[in-house]
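So the structure is just underneath, and the comments pick up after that.
The values are calculated or read from the model by the stated rules, or taken from the named source; none is laboratory data. All values derive from a computational prediction rather than experimental measurement. For neighbour counting, all protein chains shown are included, and Cβ atoms are generated from backbone atoms with ideal geometry for every residue, glycine included.
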Amino acid sequence: MNRKAEDVLDEYLVLSARAGSSDAFRRLVVRWTPRLSRHAARLLLDADVARDAVQDAWLGIARGLRRLDDPSRFPAWALAITTRRCVDEVRRRQRRRALAAGVLDDPSFASPPVGPGNPDETLDLTAAVSALPADQRLLVSLFYGEGLSIEEIADSLTIPAGTVKSRLHAIRLSLRTLLKGDDHVQS
């Protein structure tokens, strides 16, 4: 197995932090906060809200670090915790909107129409990905943004690897349809 020096360092920091080293935990925070923040911002589409979600995620990481049996799983594990905090934030936003509107089926919950239905709107890849439902943006973020393997994604989301593959394939087809005629999108 060919391991990167960064992976070995992360594993060492996880083991040291589990043993009680606050310096090792601080170094994990410094090393991983930018990556977790990028991931959260891609899911929430708001850097400020993402920053709050990542802070909450670090609280969960700190509480659960001693239970992480395999330090090599830290990246997928930390991203999964961050993802759950982002999902929690989306739910909080939806509840607030519903309360403000006074109706749970408020039409403001629907995503604005994007793509072929709006011929005047020009889409690029970033806008197309942003238009995807949150669960699809999550997969795109983990696979393309964070570089996790199919197996790591399956492990962090507790779904079969085949499901991850088929969902990524469906997402690629959706993006291709949205970006019809855009030559740089390939599966």
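On the given criteria, is V30 surrounded by 16 or more Cβ atoms within 10 Å (Cβ to Cβ) and either of a type in the set (V, I, T) or outside the structural domain of T126 (by TED's automatic domain parsing) (or both)?
So V30 fails the test.
Within segment 43-92, can you find the residues that are touching a residue at least 60 places away in the same chain (Cβ under 8 Å) and farther than 22 Å from Y12 by Cβ?
Across segment 43-92, the qualifying residues are L43, L45, T83.
Out of the helices (runs of 4 or more DSSP H) lying entirely within segment 127-182, which hold 3 or more residues that are free of Cβ contacts under 8 Å to residues at least 60 places away in the same chain and either out of contact with any Ser or Thr (no Cβ under 9 Å at 6 or more places or on another chain) or not aliphatic (A, V, I, L, M) (or both)?
By residue number, 134-140, 161-178.
Which is among the aliphatic types (A, V, I, L, M) and modelled with pLDDT under 80, of L99, L132?
L99
What residue, among those in segment 77-86 that are crowded, with 19+ Cβ neighbours inside 10 Å and of a type outside the set (A, V, I, L, M, F, W, C), is farthest from I153 (Cα to Cα)?
The extreme case among them is R85.
If I ask for residues that are farther than 21 Å from V54 by Cα and either touching a residue at least 60 places away in the same chain (Cβ under 8 Å) or surrounded by 13 or more Cβ atoms within 10 Å (Cβ to Cβ) (or both), which ones from segment 8-20 would you list?
Passing the criteria: L9, Y12, L15, S16.
Would you point out which residue out of A57, A47 is modelled with pLDDT under 95 and either touching a Cys at 6+ places or on another chain (Cβ under 8 Å) or of a type outside the set (D, E, K, R) (or both)?
A47
Tally up the residues in segment 56-76 that are surrounded by 14 or more Cβ atoms within 10 Å (Cβ to Cβ) and not small (G, A, S), please.
So the count comes out to 9.
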